[in-house]
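Take a look at the structure set out below.
A short reminder: the numbers here are calculations on the coordinates, not readings from a lab. Just so you know, these numbers come straight off a predicted model, no measurement behind them. All Cβ positions, even for glycine, are placed from backbone atoms using ideal geometry, and neighbour counts span all protein chains on display.
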Amino acid sequence: MSEPRPGVDVPDHRGRVGLDRTGLDLDRNPDVRVTDVELIAAPWHVLRRTTLEYRGPSGAWETQQRETYDRGNGATVLLYDPARRTVLLTRQFRYPVYVNEHPDGMLLETAAGLLDDDDPATAIRREAMEETGVEVGELEHVWDVYMSPGSVTERLHFFAAAYDGAARSGERGGLAEEGEHIELVELGIEESLAMIRDGRIQDAKTIMLLQWSVLDGPFGKK
């Protein structure tokens, strides 16, 4: 008899069970039938290998396998000062980009984080305070976007909010107990766009929100 599997038959260290059943009950697409889900790893987030049957344009069914990484959903916010035409970004070390040819792994980003058990607006208010020290007032919802749909299940909720740059204090943020060492970077909107063009800003969510800000957002409205 095999040993009980954490996260499958018995709770793992986060109290989760049944991690190998996600997707088996999906029926929203009549051309897709999920037949098997294998839990590959779940040290914190969850990696699964799913076997499915897909009915192609010819009507024939074919068997496919997909690996998905489930880290939960997240939220991000562009903090902007409309009077001073500035945005407040964070700079922190990101090992995944460092190991994939980024010069030093120090990435410029909008404040962001996982939802955990909160709704998107509550979560991004929490993350903005933790990362930047800014208490967010009114939030503008921008989009909900799947950032890497070929392999990652995460849906990212995009927001924007005004802040008073003249009243801001402090140059660092983040929670030390979580290993966060965040430098705060305030930039003029024109400079931030130039940094996209020359590659100094390479984070997708940040690029999307900065470009939105001058097309449809606070720096583009007449």
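The spacing between segment 116-156 and segment 62-115, judged by their C-alpha centroids, is 11 Å. Working note: Karplus 6.51/-1.76/1.60 with θ = phi - 60° gives segment 35-46 the couplings 10, 7, 10, 10, 7, 8, 7, 8, x, 9, 8, 10 Hz, where Gly and Pro are set to x. Packing here is the average count of other Cβ atoms within 10 Å per residue, and on that basis the peptides 120-133, 14-27, 194-207, highest first, run 120-133, 194-207, 14-27. Peptides 210-220, 75-85 ranked from most to least packed, by the mean per-residue count of other Cβ atoms within 10 Å: 75-85, 210-220.
Since only H157, Q64, H181 are under comparison, the one whose Cα sits farthest along the positive direction of the charge dipole of the chain, derived from C-beta charges on Lys, Arg, Asp and Glu, is Q64.
Highest mean first, the peptides 45-54, 31-40 sorted by other C-beta atoms within 10 Å per residue fall in the order 45-54, 31-40. 3J(HN,Hα) along segment 146-151: 7, 7, 9, x, x, 8 Hz, from the Karplus curve 6.51 cos²θ - 1.76 cosθ + 1.60 with θ = phi - 60°, whole Hz, x for Gly and Pro.
Restricting the calculation to Cα atoms, every distinct pair contributes to the Kirkwood radius of the chain, found to be 19.8 Å. Sequentially through segment 107-121, phi angles give Karplus couplings (6.51, -1.76, 1.60; θ = phi - 60°) of 9, 7, 8, 6, 4, 7, x, 7, 6, 6, 9, 9, 6, x, 5 Hz, Gly and Pro residues having no value and appearing as x. For segment 1-70, the relative contact order comes to 20 percent (Cα pairs under 8 Å, sequence separation of at least 6).
In a simple Cβ point-charge model (Lys, Arg +1; Asp, Glu -1; nothing else charged), the chain has a dipole of about 500 debye relative to its Cα centre. Between the listed residues P6, G217, V17, the Cα displaced farthest toward the positive end of the dipole of the chain, a dipole computed from Cβ unit charges relative to the Cα centre, is found at G217. Annotation: amide H-H contacts under 5 Å for Q202 (H modelled 1.01 Å from N, sequence separation of 5 or more, or interchain): L108. Annotation: amide H of H102 has no partner in the under-5 Å range at sequence separation 5 or more or interchain, hydrogens built in the peptide plane. Note on L24 and R200: the model spin-label points, each 7 Å out from Cα along the C-beta direction, lie 5.3 nm apart. Close amide H pairs (under 5 Å, H built 1.01 Å from N) link G113 with A75, residues at least 5 positions away or on another chain. Between the helical axis of 204-215 and the longest alpha-carbon principal axis of the chain there is an angle of about 50 degrees.
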